[in-house]
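One structure below.
The values are calculated or read from the model by the stated rules, or taken from the named source; none is laboratory data. Not measured: the values here are computed from a predicted model. Using ideal geometry, Cβ is built from the backbone for each residue, glycine included, and neighbour counts are taken over all protein chains shown.
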Amino acid sequence: MEPLIPKWHRELELFSEIKPLLILEGNVMDQYRYPIEGSLQQDTIVPLSRYLHTYFTDHGYDQVVFYSNLIGFVNPYEPKMLERFAALTETKIQHGAVQAEFKGNEAATAPNVIRRAMSQQQAATVTILEMASHYVTTPDRMDQQDVNSFNILLQSALSAAWVRTPQGKKQNQLILLVNKLNDLPAWFYLNNPVCKILTLEAPDREERKRMVAGPGLASFFTGTVYRREMPFYEEHPEELERLREKFIGLTEGLTFTELEEMRMLCKKEEISIRELCSVVDLYKYGIKENPWSSLNMKSLKTAKQDFEKRIKGQDTALERTLDVVKRAVTGMNGLNSSSAGKPKGVLFFAGPTGTGKTETAKALAEKLFGDESACVRFDMSEYGQSHADQKLMGAPPGYVGYEAGGQLTNAVKKNPFCILLFDEIEKAHTSILDKFLQILEDGRMTDGQGNTVYFSETIIIFTSNLGIYVKDAFGNRQPNVTMDMPYQEVQSRVRAAIEDYFKLELGRPEILNRIGENIVVFDYIRKEAAQLILKSQINKMISRLQEQKNIRVRIEENAYRSLEETATFDLSNGGRGIGNQVESLVINPLSRWLFDHEVTGNAELVIEMFETAANPPALRCRLEGGDQA
């Protein structure tokens, strides 16, 4: 198998010959497989420092040294190189290192030592500054000593000397390793003719594929497991290919170090070949049994009927919602996408207030995970400020609240198998919408503490009242849909208004593209649905009174008809409005009656009349046995 040489390595081969200053940014804390033959065995996985040491010594450099502001200059791989470096730069080795501070004007500071190393012509030298992201607090808070230190480094690169070696002339090199390029002052690298920036990324698809191909696959399993199960896959190569493809998709975005740890974990737990992909859940979440794979399919077949007991008059919305869930359960989500780490499902619930959007999310959580608390709700009106993304995702290091983490990232770390409900998403600041782009596309994000949080096992639901009202030419708010419109027209108008909001008003069509066709429009609560909601709420109240107090309540037919007429007269507030009417017309007067008549339990009660016109509303009822009021 031909060695797979990553893009940044090819750039290193090209630009290390002509540029004396290289900045390596990105995945610099990872380990890498050395791709070429030389002093290090090919395909050996090593830290980046060992990789660079091997590369430059194999390419004819006399000495390679590493600097960090914690310990100074060292070479843990060939200490003799450090001895020659100390002699050439007129420094001393103490406790295995040439100790030097990064800041200051003295000759012994690190930038001045590097300047001497870069200007000498006796030994071709590479100086690698590790953890260079941490040398200054932030580039915009540098004091004069910080500026001086980077100025010296810049001058050192601009005047780097050439050295004759047996392999030809070599220019002394300065290399900085940074997590992010903007950790360095921009003037250090922008418009700098001797500087080249190389980006180290997480392993791409081809690199991950190599890990589970050929000898790489066998390294994931114990010898016993591999010998026992591999004959089946040799006879059925298509099954093995299916496993590989799934593993490759699930590990998108993971580093070489994480993949290597996953390989060791797979072998340690003696995982079988057919369960290769379960090691991803075990590594990410610490579980072997994925709740999605253990869902009761029979229970899901009755989901629509179960939902209709809680959500009335929303047949189309419930069907659309359950289509997304069934896609997730059957593993069909993301089949048309290049990313296998996307959330299990994304839904955008739109429609008038009080129509069951939040209730549907809760019902979904109970059906999938057995508990409504698996629906984690965020009121997005609380995240309308420009800095609100820190509250949700976590503050960066050095800022107030950094230790606490973000409310969203903490919730997902605590329970990665959940439904995330973002209520009234249009009220969130646009900086938060930018974060959602990454979550919806890749299924992961890095919080303020640098931890990767995975959303690939969640269902994300946004709710919104967008499209119910629109602005006219004068900026006045006017209804876009009304209750007398048929549902198809309501649906069409609301979807069109949502598209206009994201494309024209917000100017962010890419957010709409991530949601796709999963906009679910809830209908107004019509008269028939309102009657069902009222009946459901009354029955729930009666049932709880009997369970908790052993008070049995019966409502006479004429009384119920008058209650129904009043409670369902104005449906502008949907099911929530009906609930408010039940509280005002039934619960409050009934609790008042029970208190006044000192009825605390073990009673049978008949409600004869609702006096809805009274202020406050009252009722007339009697105890079975003759007492009435």
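Find the strands (runs of 3 or more DSSP E) located wholly in segment 122-172 whose residues include 1 or more that are of a type in the set (G, A, S), and list them. It would help to see each step written out before you state the result.
Details: elements: 125-129, 162-165, 168-171.
Correct list: 168-171.
I'd like the full set of residues that are surrounded by fewer than 18 Cβ atoms within 10 Å (Cβ to Cβ) and either modelled with pLDDT of 80 or more or of a type in the set (G, A, S) (or both), limited to segment 284-298.
Passing the criteria: G286, S293, S294.
Take the residues of segment 256-280 that are among the hydroxyl-bearing types (S, T, Y) and assigned to a helix (DSSP H, G or I): which is surrounded by the most Cβ atoms within 10 Å (Cβ to Cβ)? If you could, list the steps in order and put the result at the bottom.
Start the filter on segment 256-280 by keeping residues that are among the hydroxyl-bearing types (S, T, Y), which leaves 257, 272, 278.
The next check asks that each one be assigned to a helix (DSSP H, G or I); those that pass are 257, 278.
Numbers: T257: 15, S278: 18.
Residue satisfying both the conditions and the ranking: S278.
Please state which one of S431, S464 is buried (at least 22 other Cβ atoms within 10 Å of the Cβ) and polar (S, T, N, Q). Let's see the steps before the verdict.
Values: S431 fails: buried (at least 22 other Cβ atoms within 10 Å of the Cβ).
Going through S431, S464 in turn, just one is buried (at least 22 other Cβ atoms within 10 Å of the Cβ) and polar (S, T, N, Q): S464.
Residues are listed down the side, and each one gets a yes or a no for (1) part of a helix (DSSP H, G or I); (2) modelled with pLDDT under 85; (3) under 25 Å from L295 (Cβ atoms):
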site: L392; (1), (2), (3): yes, yes, no
site: P397; (1), (2), (3): no, yes, no
site: F422; (1), (2), (3): no, no, yes
site: M445; (1), (2), (3): no, yes, no
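Those residues that are closer than 16 Å to T54 by Cα and outside any loop (DSSP other than H, G, I, E, B), I need them from segment 17-36; list them, please.
Once the filter is applied, which keeps residues that are closer than 16 Å to T54 by Cα and outside any loop (DSSP other than H, G, I, E, B), segment 17-36 yields Q31, Y32, R33.
Can you pull out the residues in segment 164-216 that are of a type in the set (D, E, K, R), under 21 Å from E17 (Cα atoms) and surrounded by 13 or more Cβ atoms within 10 Å (Cβ to Cβ)?
Residues satisfying the conditions are K170, K196.
If S591 passes every condition in (1) part of a helix (DSSP H, G or I); (2) in contact (Cβ under 8 Å) with a residue 24 or more places away in the chain but one, which one does it miss?
Going through the list (1) part of a helix (DSSP H, G or I); (2) in contact (Cβ under 8 Å) with a residue 24 or more places away in the chain, S591 breaks only (2).
Could you list, ordered by first residue, the pairs with Cβ atoms under 6 Å in which the first is in segment 209-226 and under 18 Å from L4 (Cα atoms) and the second is outside any helix (DSSP H, G or I), at least 6 apart or interchain?
Final answer for the pair search is R210/L4.
Please state which one of F66, F102 is at pLDDT 95 or above, touching a Pro at 6+ places or on another chain (Cβ under 9 Å) and under 22 Å from C195 (Cβ atoms).
Values: F102 fails: at pLDDT 95 or above.
F66 is the lone residue from the list that is at pLDDT 95 or above, touching a Pro at 6+ places or on another chain (Cβ under 9 Å) and under 22 Å from C195 (Cβ atoms).
Return the pair list, or none, for Cβ contacts closer than 7 Å from residues in segment 306-319 that are more than 16 Å from L364 (Cβ to Cβ) to residues that are modelled with pLDDT of 85 or more and in a loop (DSSP other than H, G, I, E, B), at least 6 apart or on different chains.
Filtered contacts from segment 306-319: G313/D523; G313/I525; G313/R526.
To keep it simple, each residue is scored yes or no on (1) within 30 Å of A160 (Cβ to Cβ); (2) of a type in the set (A, V, I, L, M); (3) out of contact with any strand residue (DSSP E or B) (no Cβ under 9 Å at 6 or more places or on another chain).
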site	(1), (2), (3)
N191	yes, no, yes
C195	yes, no, no
E201	yes, no, no
G214	no, no, yes
F220	no, no, yes
G223	no, no, yes
R228	no, no, yes
L243	no, yes, yes
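Going through L563, L585, L571 one at a time, which residue ends up being part of a loop (DSSP other than H, G, I, E, B), among the aliphatic types (A, V, I, L, M) and under 17 Å from L534 (Cα atoms)?
Values: L563 fails: part of a loop (DSSP other than H, G, I, E, B); L585 fails: part of a loop (DSSP other than H, G, I, E, B).
Going through L563, L585, L571 in turn, just one is part of a loop (DSSP other than H, G, I, E, B), among the aliphatic types (A, V, I, L, M) and under 17 Å from L534 (Cα atoms): L571.
Just give me the residues in segment 160-191 being among the polar types (S, T, N, Q), within 23 Å of L14 (Cβ to Cβ) and either outside the structural domain of I128 (by TED's automatic domain parsing) or modelled with pLDDT under 95 (or both), in sequence order.
Within segment 160-191, the subset among the polar types (S, T, N, Q) is 165, 167, 171-173, 179, 182, 191.
Still in the running and within 23 Å of L14 (Cβ to Cβ): 165, 167, 171-173, 191.
Across segment 160-191, the qualifying residues are T165, Q167, N191.
Go through (1) within 28 Å of E201 (Cβ to Cβ); (2) crowded, with 21+ Cβ neighbours inside 10 Å; (3) not β-branched (V, I, T) one by one and return the number of the condition D58 breaks.
Among (1) within 28 Å of E201 (Cβ to Cβ); (2) crowded, with 21+ Cβ neighbours inside 10 Å; (3) not β-branched (V, I, T), the lone unmet condition for D58 is (2).
Within segment 502-544, work out how many residues are farther than 28 Å from D323 by Cα, crowded, with 16+ Cβ neighbours inside 10 Å and without any contact (Cβ under 8 Å) to a residue 40 or more places away in the chain.
Residues in segment 502-544 being farther than 28 Å from D323 by Cα, crowded, with 16+ Cβ neighbours inside 10 Å and without any contact (Cβ under 8 Å) to a residue 40 or more places away in the chain: 1 in total.
Enumerate the pairs (first residue in segment 35-63 and touching a residue at least 24 places away in the same chain (Cβ under 8 Å); second residue anywhere and surrounded by 15 or more Cβ atoms within 10 Å (Cβ to Cβ) and among the polar types (S, T, N, Q)) with beta-carbon separation below 6 Å, excluding pairs fewer than 6 apart on the same chain, so at least 6 apart or on different chains.
Final answer for the pair search is I45/Q31; Q63/T125.
What is the residue count in segment 190-207 for residues that are in contact with a Leu (Cβ under 7 Å, 6 or more places away or on another chain) and assigned to a helix (DSSP H, G or I)?
So the count comes out to 2.
Kindly check whether there is at least one residue in segment 39-55 that is modelled with pLDDT of 90 or more, assigned by TED's automatic domain parsing to the domain that holds E17, in a helix (DSSP H, G or I) and surrounded by fewer than 16 Cβ atoms within 10 Å (Cβ to Cβ). Please lay out each step first, then the result.
Filtering segment 39-55 for residues modelled with pLDDT of 90 or more gives 46-55.
Of the ones still in play, those that are also assigned by TED's automatic domain parsing to the domain that holds E17 are 46-55.
Retained after the next criterion (residues that are in a helix (DSSP H, G or I)): 48-55.
Checking the rest, the ones that are also surrounded by fewer than 16 Cβ atoms within 10 Å (Cβ to Cβ) come to none.
No, segment 39-55 contains no residue that is modelled with pLDDT of 90 or more, assigned by TED's automatic domain parsing to the domain that holds E17, in a helix (DSSP H, G or I) and surrounded by fewer than 16 Cβ atoms within 10 Å (Cβ to Cβ).
Kindly indicate whether any position in segment 479-497 is in contact with a Gly (Cβ under 9 Å, 6 or more places away or on another chain), in contact (Cβ under 8 Å) with a residue 12 or more places away in the chain and assigned to a loop (DSSP other than H, G, I, E, B).
Taking every residue of segment 479-497 in turn, at least one turns out to be in contact with a Gly (Cβ under 9 Å, 6 or more places away or on another chain), in contact (Cβ under 8 Å) with a residue 12 or more places away in the chain and assigned to a loop (DSSP other than H, G, I, E, B).
Name the residues in segment 348-371 that are crowded, with 22+ Cβ neighbours inside 10 Å and either outside the structural domain of Y501 (by TED's automatic domain parsing) or of a type outside the set (A, V, I, L, M) (or both), would you?
F348, F349, G351, P352, G354, T355, G356, K357, T360
Within segment 281-309, which residues are within 19 Å of Y454 (Cα to Cα) and assigned to a helix (DSSP H, G or I)? Walk me through it before giving the result.
Step one: of segment 281-309, the residues within 19 Å of Y454 (Cα to Cα) are 281-293.
Hits for segment 281-309 are D281, L282, Y283, K284, Y285.
Condition check ((1) farther than 24 Å from P79 by Cβ; (2) within 32 Å of the chain's Cα centre (by Cα)) across all residues:
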| residue | (1), (2) |
| --- | --- |
| P6 | yes, yes |
| E13 | yes, no |
| E17 | yes, no |
| P20 | yes, no |
| E37 | yes, no |
| V46 | no, yes |
| F56 | no, no |
| Q63 | no, no |
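Please determine, by comparing only the residues of segment 112-121 that are touching a helix residue (DSSP H, G or I) at 6+ places or on another chain (Cβ under 6 Å) and assigned to a helix (DSSP H, G or I), which one is surrounded by the fewest Cβ atoms within 10 Å (Cβ to Cβ).
First pass over segment 112-121, keeping only residues touching a helix residue (DSSP H, G or I) at 6+ places or on another chain (Cβ under 6 Å): 113-118, 120.
Keeping just the survivors that are assigned to a helix (DSSP H, G or I) gives 113-118.
On the way: V113: 26, I114: 25, R115: 21, R116: 16, A117: 26, M118: 25.
Among them, the one singled out is R116.
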